[in-house]
Amino acid sequence: MDKERLNQLISEKLKLIRTEQGYTQDTMAEVIGLSKKTIVQIEKGRSLAGWTTTVAICALFRESRILQDALGSSDPVEIAEIAAHRYIRRSHDKTLGGLSISPSSSS
């Protein structure tokens, strides 16, 4: 799963995760550091959660049944780590004097 897909999935499940926890939109906003307006926008599908918000939700609600089911019972934090590191490896493969310095090509 890549970062964009994880952002989309978290955005789609935000309301379910929030209600599973018994949180109001105000409480959820305070817990994850967003405005209530932003929570409403995400829940209504008008905007997507950003990467920082996605990671915060994965970490803070890693025991959420909704979140685990959406990710195939995987640890949400581990899924976020994998998505982040795949992005970095793909984006930063560079060479120095013709030698690749990507993590996948060790000498």
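All of the numbers you see were taken from the coordinates with simple rules; none came from a lab. Keep in mind the model is a prediction, meaning the values are calculated, not measured. Neighbour counts are summed over all protein chains in view; Cβ atoms, including those assigned to glycine, are modelled from backbone coordinates with ideal geometry.
Miscellaneous remarks
- Here the range 8-55 is the region considered, the condition is being among the small types (Gly, Ala, Ser) and surrounded by 18 or more Cβ atoms within 10 Å (Cβ to Cβ), and the residue that is nearest to Leu67 (Cα to Cα) is Ser11.
- Entry remark, the range 56-80: residues being crowded, with 20+ Cβ neighbours inside 10 Å, touching a residue at least 40 places away in the same chain (Cβ under 8 Å) and not β-branched (Val, Ile, Thr) number 6 in total.
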